[in-house]
Amino acid sequence: MIASAPLLVTAAPLAKPAEPVSAKAERAATEAERQSQRDVAALVKQLVQHFEQGDMTAFENLIHPAMVGHVAFMRAAREAVAAEKQPRLQLKDITFSQTEDAEHIRFRWEKRWLALPALAPQVASGDATFHFRREDKSWLMTGQAGDNPFARHKNSGPNSTDPFDEVRPSRLNHRTFP
Amino acid sequence: MHVAKLARRPLLRPIAGFVLFVLAIGSAAASQDQANEHVLSLWAQTSQDGTATLVRQADGSTRLEWRLNLSQDVYRNVITAPQDSGQTITPFGTGDFNKTQFSTEVRLVSTGGDQAYLQWAGAASNDRAVLSRYREQLSNLQMGAVGPRYAVNAGDVAANFSQLGSTLGLRGLHVSRQFDGWALASHVGVIGESWEALANRAALDGRPARSRFLRDVYGAKLDRAWSGSLKTFLSFQGYEDRESSLPQAPFAPSTTRAGTMGFNYQQGQFLLTGEAARSRFQEKNLSERVDRAFVLDGTWRSGAWAFRGGWHDVGPLFVSLAQAVPPGVREHYLGADWTAAPWLMLGMDARDAVARTAALEFPSLDPELPPPPPLPATRNRARTLNSRANLNLGMASPSWMGWNMGVNAAQTRSEDASNQESSNDNFNAMLSYASAKWQFSSNMGIGKLSSAAAPTADSRSRNEQINLGRTWSETTATGLPVWSLGLQLNLGRNNQRLLSQGTSTTTSTLGVTMSGQRTGWGQASLALSESITTQPNGGADLKSRMAQLEMTRPLGTMNTLRAYYRYMQRNSGTATLETTERVGGIQINLIW
């Protein structure tokens, strides 16, 4: 694990005041919107890199302070970093939808790591959706659904399907949200 | 000790050779994993500069323009992995691969400000590490029209009603309309894993196109602006699974209806939002489950202070179209940032969260078999305290210009459903310096993890990292860059002691990156690194080595040609883990 400079984040609450349609129309698909896609793509890459490098301070700086489930998400990520050595997270099959101030991306992931204490090779996979929202000029992650790649996993293979996962009560809301 | 070992290696010889080869050097850094780069670039590609623009004519009318971005990769992978390791060690396979990515956008703007647009992005590849299930994939398809008081979008649309209302991406239609003081938004569509799953297209891996039901979704939201400060809203949404879309599913289809009401209040630097919701969720052959959810969040800035706080209570059986809201969360948080002096910023966030699951029963999917055993209710709690300080030393004294220092402490205490406690404490300190020519940063961190439920994971960790960079550049008299050259060196060490075993593992890394660019010529970079990891259970050290060369040459003003080569040897010294990946390829990016 390495550290990075603390970033003082004072983001607005997630539910922002409704924006007039006229303002949206003026800004629809402007260069700023296209820039947002680049920014969010870079943000996903940073999340993955910080997780792989174990830099949880930088990782947390990219998470919205008002994200519902913030504690559980960060706790899971910190535990994973402590237990999984040399994690490699690969993303593929990305699809996305967007508005001018929010993006949802869905992807399939595969994670490979060496499990302590024997450094045994492990692999797990899943489907996840990440949600991002623009806060002033920067973007922050506001939610995650599906299989969380930033959590501890058991060795389940690169094409795992775990039916039990689908009926776990805590995942009621995620069951058919790919 | 390990860093010293690395330093003795002849790492600098290839660097010297590269200097003669490089056109110029700048600030590009080698990526950790080019595979992710490939995939993410597809997503970002739709937003490249070459998207359609419109030119307004002298008579006030508009002209339609379209733009097409096309990227073609041809590359060869040579992968060696332990026998019978399958895809456990590496996702890549040996072979010649190609990858095509495209995006296009057509846009028309009328004289009244109305716009109509179509955007489309997709990819094709024979590399299953990039596109795992299909040779071609539709990544995004969206079309619509927007005007001063309306918006109609179809295809891959995002609904973002509120925290507890519809917040999801769907394939369908999204319409919004504004009236005086009122706004109405509505969506209808379907959720599927992809356009390919929606079409039930046969996948290359032989598995079903869908692993989940297709879900029909709908929703509407009504906003009312009472004043410039206060807005309220009502929303209603729901879904229904298509049972026939997934034969022999291992779980039952379900339906949900959820209603929410909320407000936004903003006065100066004070912002408060709140929402209450109620949902009715039903799985096939089970009784209806009703639950509620509440959220309240606020921020306030006053002088040197910024405060934030919130309270979230989501019932364990609450199911809405707020895709990323986990059921069962009850949490509150309070945080503040204080600019104590121009050179000193202090911050703190405290959080307390309870995660609950309800006792649940499950229907039998086969009438002749008994239903699965019910799951008991669970409850666990976690509390975190994150405190930090950032010192901009240059603001305190001009002689320290460019220097920054920061410290961060994060503590987590948790109790699981069996009241077994665990803790995770981390402390990091950072010192950095940046000027036009020199960059320096050093990080030090210590961590402690203990868990009564899983004591084998108890450990202490210690991390150190140093980065040093030097930049050379030349600009014209008017300040335009001519060339730049950069060199970066990084050293790192991570040690983790496993308390229950009484053993430890240490990873030491050494890396050098050279990069640069020259206007009109292009840019190039070379990254080299080595690392050594000791095994906690004994055995040979795991040695890894990486070299990555990348060159980009502009073709005209908008197109580029890129060549890359990456060599990565992982964990040599252990037959069961040793892997070598060689990837070399050419990429051309064209914009019409």
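The values are calculated or read from the model by the stated rules, or taken from the named source; none is laboratory data. Quick caveat: nothing in here was measured; it's all calculated off a predicted structure. Cβ: placed from backbone, ideal geometry, glycine included. Neighbour counts: every protein chain shown. Keep in mind that these areas ignore ligands, DNA and RNA; they rest on the heavy atoms of the full protein, side chains included. Shrake-Rupley method; radii C 1.70, N 1.55, O 1.52, S 1.80 Å.
Among the residues of the range B:188-207, how many are facing another protein chain (nearest Cβ under 10 Å) and out of contact with any strand residue (DSSP E or B) (no Cβ under 6 Å at 6 or more places or on another chain)?
Total meeting the criteria: 5.
Testing B:Gly402 on (1) more than 7 Å from chain A (Cβ to nearest Cβ); (2) at negative phi, one condition comes back false. Which one is that?
Here B:Gly402 clears every test but (2).
Select, from B:Arg330, B:Arg292, B:Arg301, the only residue that is assigned to a strand (DSSP E or B), within 26 Å of B:Thr232 (Cβ to Cβ), open to solvent by 30 Å² or more (accessible area, probe 1.4 Å) and in contact with an Asp or Glu (Cβ under 7 Å, 6 or more places away or on another chain).
Every option except B:Arg330 fails the conditions.
(1) under 25 Å from B:Gly469 (Cα atoms); (2) open to solvent by less than 10 Å² (accessible area, probe 1.4 Å): which one isn't true of B:Pro481, the others all being true?
Answer for B:Pro481: the failing condition is (2).
In this structure, is B:Gly238 within 8 Å of chain A (Cβ to nearest Cβ), touching a residue at least 60 places away in the same chain (Cβ under 8 Å) and either within 17 Å of B:Gln282 (Cα to Cα) or out of contact with any Pro (no Cβ under 9 Å at 6 or more places or on another chain) (or both)?
For B:Gly238, the condition - within 8 Å of chain A (Cβ to nearest Cβ), touching a residue at least 60 places away in the same chain (Cβ under 8 Å) and either within 17 Å of B:Gln282 (Cα to Cα) or out of contact with any Pro (no Cβ under 9 Å at 6 or more places or on another chain) (or both) - is not met.
Could you list, in sequence order, all residues of the range B:133-166 that are surrounded by fewer than 21 Cβ atoms within 10 Å (Cβ to Cβ), out of contact with any Ser or Thr (no Cβ under 6 Å at 6 or more places or on another chain) and outside any strand (DSSP E or B)?
Passing the criteria: only B:Arg135.
Select from the range B:371-399 the residues that are assigned to a strand (DSSP E or B) and not polar (S, T, N, Q) and list them in ascending order.
Correct list: B:Leu375, B:Arg379, B:Arg381, B:Ala382, B:Arg383, B:Leu385, B:Arg388, B:Ala389, B:Leu391.
Restricting attention to the range B:338-351, does a residue exist that is closer than 24 Å to B:Leu286 by Cβ and within 9 Å of chain A (Cβ to nearest Cβ)?
Scanning the range B:338-351 turns up no residue that is closer than 24 Å to B:Leu286 by Cβ and within 9 Å of chain A (Cβ to nearest Cβ).
Take the conditions surrounded by 21 or more Cβ atoms within 10 Å (Cβ to Cβ) and modelled with pLDDT of 85 or more and apply them to A:Phe177. Does it pass?
No.
With the condition being under 26 Å from B:Leu577 (Cβ atoms) and β-branched (Val, Ile, Thr), I'd like the strands (runs of 3 or more DSSP E) fully within the range B:434-540 carrying at least 3 qualifying residues.
Here the list reads B:503-518.
Scan the range A:86-102 for residues that are modelled with pLDDT of 90 or more, farther than 22 Å from B:Ala124 by Cα and within 7 Å of chain B (Cβ to nearest Cβ) and jot them down.
A:Arg88
What about B:Ala477, is it on the phi < 0 side of the Ramachandran plot, in contact with a Ser or Thr (Cβ under 7 Å, 6 or more places away or on another chain) and at pLDDT below 95?
Criteria not met by B:Ala477.
Name the residues in the range A:101-148 that are among the acidic types (Asp, Glu) and under 23 Å from B:Trp195 (Cβ atoms), would you?
A:Glu103, A:Glu110, A:Asp127, A:Asp147
Identify, by number, the condition in (1) modelled with pLDDT of 95 or more; (2) buried (at least 23 other Cβ atoms within 10 Å of the Cβ) that B:Trp311 doesn't meet.
Just one mismatch for B:Trp311, condition (2).
Residue check, B:Asn490 against (1) within 13 Å of another protein chain (Cβ to nearest Cβ); (2) open to solvent by less than 60 Å² (accessible area, probe 1.4 Å); (3) in contact with a helix residue (DSSP H, G or I) (Cβ under 8 Å, 6 or more places away or on another chain), all met but one. Which one?
(3)
Just checking, which of B:Leu173, B:Leu141, B:Leu184, B:Leu131 is at pLDDT 95 or above and facing chain A (nearest Cβ under 10 Å)?
Result: B:Leu184 is the single residue among B:Leu173, B:Leu141, B:Leu184, B:Leu131 that is at pLDDT 95 or above and facing chain A (nearest Cβ under 10 Å).
Quick one: in the range B:170-186, which of the residues that are in a strand (DSSP E or B) and touching a residue at least 40 places away in the same chain (Cβ under 8 Å) is surrounded by the most Cβ atoms within 10 Å (Cβ to Cβ)?
B:Leu170
Taking the range B:69-91, which residues are among the charged types (D, E, K, R) and in a strand (DSSP E or B)?
Residues satisfying the conditions are B:Asp73, B:Arg76.
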